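Just so it is clear, none of the values below were taken in a lab; they were calculated from the coordinates. The structure displayed is predicted, hence computed values, not measured ones. Neighbour counts are summed over all protein chains in view; Cβ atoms, including those assigned to glycine, are modelled from backbone coordinates with ideal geometry.
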Amino acid sequence: TEININAAAKLMSADLSVFFLAAVQTAAPLMAALFLTEITLGLLARAAPHLNIFLLGLPIKLLLTLSLAGLAIPLLPGAVSSVLRPMIRHGLQVVGG
C-alpha cells in the first residue's frame, strides 16, 4: 500500500492541534485557580506584611492543586478517549487500515 504523505501531514497537523487544544483546555482551570491564589496571597502580603506569605502560600497552593487535580482525575478518561479516538481512526486511514 502507498501512503499519501500530504494527506498524512494534514491529518497529523490537525490531530496535533486538537491534542494541544485539549491539553490547554484541561490545564487552564488549574492555572487560573493558581493565578488567582497568587493574586490573593499578594494582596494578603500587602495587607498583613507581618505574615510570612512564602511559608503560608506553599501549603495553600499545594492543597488547592491537589484538590483540583483530585476533582479533575475522574473526568480525564472520557476526555482523553474523545480526543484519541479520532486520532487513532485518522492514523488507520493513513496506513490504509
Practice task
Scan (i) 2, 13, 21, 21, 17, 9, 7, 5, 3, 1, 0; (ii) 2, 11, 15, 14, 11, 10, 9, 8, 7, 6, 4, 2, 1, 0, 0; (iii) 3, 13, 23, 27, 22, 10, 2, 0 for the value of P(r) over Cα pairs in 5 Å bins from 0, in percent calculated from this model and give just the label.
Solution key: (ii)
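Take the Cβ-Cβ distance between Leu66 and Arg46 as r, set R0 to 25 Å, and report the resulting FRET efficiency rounded to the nearest 0.05.
Working from the Cβ atoms, E equals 0.40.
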Completion exercise
Taking Cα pairs closer than 8 Å and at least 6 residues apart, the relative contact order of the chain in percent is 55
Practice task
Taking the chain as the reference, fit the longest principal axis to its C-alpha atoms, fit the long axis of helix 5-47 to the helix C-alpha atoms, and give the angle between the two in degrees, 0 to 90, nearest 10.
Solution key: 0
Exercise for the section: Can you check what the net charge comes to around His90, using other residues whose Cβ is under 15 Å from the Cβ of His90 (Lys, Arg +1; Asp, Glu -1)? Expected result: +2
Practice task
Give the distance, in whole Å, between the Cα centre of segment 4-25 and the Cα centre of segment 41-93.
Solution key: 25
Completion exercise
Placing each pseudo-label 7 Å from Cα in the direction of the beta carbon, Ile3 and Phe19 end up separated by a distance in nanometres of 1.4
